[in-house]
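Contents: one structure, followed by commentary.
The values are calculated or read from the model by the stated rules, or taken from the named source; none is laboratory data. If you're wondering where the values come from, they're calculated on a predicted model, not measured in any experiment. For neighbour counting, all protein chains shown are included, and Cβ atoms are generated from backbone atoms with ideal geometry for every residue, glycine included.
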Protein chains: 2
Amino acid sequence: MENDHILLDRALELFSRRGYDAVGVQEIVESAGLTKPTLYHYFGSKRGLLEALLKRESGHLLTAIVEAALYQGDLVLTLERVVRAYFSVAKQHSTFYRMQLGMYFSPPESETYHAVWPFAREQREILEGVFIHAAEDHGNLRGRHTRYAVGFLGQINAVIGLYLNNEISLDDLRVYELVHQFMHGIYS
Amino acid sequence: MENDHILLDRALELFSRRGYDAVGVQEIVESAGLTKPTLYHYFGSKRGLLEALLKRESGHLLTAIVEAALYQGDLVLTLERVVRAYFSVAKQHSTFYRMQLGMYFSPPESETYHAVWPFAREQREILEGVFIHAAEDHGNLRGRHTRYAVGFLGQINAVIGLYLNNEISLDDLRVYELVHQFMHGIYS
DNA sequence: ATAATACTATACCGTTCGGTATAGTATGTC
DNA sequence: GACATACTATACCGAACGGTATAGTATTAT
């Protein structure tokens, strides 16, 4: 295994558990069994390490939801695929998901917020695309794509937040519940 | 104005903009026109300052939603009051709301997460109480109070997140939309 | 007048921060 | 054999970190 990959793995583990600011460069290289010049050779700075990490790990999530978000006439089916994609990444890459979720809500002038913002926007645009397409079939959705995308993502992340705190599991029933509630409310 | 209040105000401003870890004690006291021994006299440690800050500011939010969450037979009405309470605090204390939202999603071994956790749990319990009470009138809600509380809070925070990024405003229409969608889904 | 209490400034503690200058050691090319 | 390239360790940089010992200055109670 290459040393740059080892560094990224260790940084991901430490950042997701304790946060970017609370983890020093020294600790990362020690945990990787290397020294600082190696890290600075590959990434140039601590910020560069963070950006390389986000770039590598976001790939999983973005490709998964791009594929899932292909709208082909059935909104429920599409949303279920999207939720399943999110759940799948949250389960297989839970440390990364925890990290990017925390960074999305980090303060607006922090390094982490600026670093994660492009990837967060991309996620939202993909979801907005679903609702924009669906509005061609369901006129009453028109003009509310941002609202829906944000609200839907908010619910997904609320559920994944519970999963990351070991309060629930992420299974097919949970997918159905989430989408059904989003589409039809809580009574039915 | 007392010096301890000045310190809390400056800490709130700085933490909410750049994050707890990224702001040093020195910067806080300089911004307050004071020196470090004053801060350590009142709060004992940086962590103590954070906890005092959360305690002071959470009061606004908790009293507001406790009052709003009184269920008296009309779930829609109660939820609208709750959303209005959240929106009101988010508008009047936007720096605090941003801070506590970020801390709720901060890494699980960070100081900020541990400090904010008791207040987050209290919020959720209040909301769960609404759905537990409502289930006495609407049997099909029974046993899903956690799910609903978390999902509802997720949607509220998603919308407030948009507001904090200056993408939307928080008005009565937005309250209606949020509750209506939660209750009846997106089609109606 | 005196003593106790509450508060605040100066100056400092040891440690850690992100980052780097220097000196290597491999590996492959010509 | 000479040389460039890629990578990594030792040892260090100045600055900032959270926190404190000491010495005060007001205010209050006795």
### Condition check for residue B:51: away from DNA strand D (no atom under 16 Å from the Cβ), more than 14 Å from chain A (Cβ to nearest Cβ) and of a type in the set (Asp, Glu)
no
### Task
Would you confirm whether any residue within segment A:31-46 is within 14 Å of chain B (Cβ to nearest Cβ) and away from DNA strand C (no atom under 15 Å from the Cβ)?
no
### Query
Within segment A:38-50, restricting attention to residues that are within 18 Å of residue B:22 (Cβ to Cβ) and free of Cβ contacts under 8 Å to residues at least 60 places away in the same chain, which residue is surrounded by the most Cβ atoms within 10 Å (Cβ to Cβ)?
A:49
### Task
Would you mind finding the one in B:76, B:89, B:66 that is touching a residue at least 24 places away in the same chain (Cβ under 8 Å), farther than 24 Å from residue B:28 by Cα and over 16 Å from the mean Cα position of the chain (by Cα)?
B:76
### Message
Here are the criteria: (1) hydrophobic (A, V, I, L, M, F, W, C); (2) away from DNA strand D (no atom under 12 Å from the Cβ); (3) under 26 Å from residue A:104 (Cα atoms). Tell me which single one residue B:7 does not satisfy.
### Response
(3)
### Message
For segment B:106-137, give me the residue count where each residue is farther than 30 Å from residue A:20 by Cβ and either surrounded by fewer than 17 Cβ atoms within 10 Å (Cβ to Cβ) or in contact (Cβ under 8 Å) with a residue 60 or more places away in the chain (or both).
### Response
9
### Query
When residue B:155 is evaluated against the numbered criteria (1) buried (at least 19 other Cβ atoms within 10 Å of the Cβ); (2) more than 8 Å from every other protein chain (Cβ to nearest Cβ), which criterion, by number, is the only one it fails?
(2)
### Message
Checking the structure you have, find out if any residue of segment B:116-137 is out of contact with any His (no Cβ under 6 Å at 6 or more places or on another chain), at the interface with chain A (Cβ under 9 Å from one of its Cβ atoms), closer than 27 Å to residue B:53 by Cβ and in a helix (DSSP H, G or I).
### Response
no
### Query
Picking from A:75, A:53, which residue would you name as being farther than 20 Å from residue A:110 by Cβ and either of a type outside the set (D, E, K, R) or buried (at least 20 other Cβ atoms within 10 Å of the Cβ) (or both)?
A:75
### Task
Quick one: residue A:165 ticks every box in (1) touching a Leu at 6+ places or on another chain (Cβ under 6 Å); (2) facing chain B (nearest Cβ under 8 Å) except a single one, so which number is it?
(1)
## Note on the structure
Sole miss for residue A:106 among (1) within 16 Å of DNA strand D (Cβ to nearest atom); (2) in a loop (DSSP other than H, G, I, E, B); (3) within 14 Å of chain B (Cβ to nearest Cβ) is condition (1)
### Residue, nearest to residue B:103 (Cα to Cα), within segment A:138-158, restricted to residues that are in contact (Cβ under 8 Å) with a residue 60 or more places away in the chain and part of a helix (DSSP H, G or I)
A:156
### Task
Go through segment A:168-188 residue by residue and tally those that are modelled with pLDDT under 90 and surrounded by fewer than 16 Cβ atoms within 10 Å (Cβ to Cβ).
2
### Task
Please name all residue pairs, on different chains or six or more residues apart, with Cβ atoms under 7 Å, provided the first residue is in segment A:26-37 and is closer than 10 Å to residue A:7 by Cα and at pLDDT 95 or above and the second residue is within 8 Å of DNA strand C (Cβ to nearest atom) and in a helix (DSSP H, G or I).
A:28/A:39; A:29/A:36; A:29/A:39
### Message
For the structure I just gave you, tell me whether residue A:2 is out of contact with any helix residue (DSSP H, G or I) (no Cβ under 6 Å at 6 or more places or on another chain) and within 16 Å of DNA strand C (Cβ to nearest atom).
### Response
yes
#### Entry: Only one of A:66, A:25, A:89 that is within 16 Å of DNA strand C (Cβ to nearest atom), away from chain B (no Cβ under 14 Å) and touching a helix residue (DSSP H, G or I) at 6+ places or on another chain (Cβ under 8 Å)
A:25
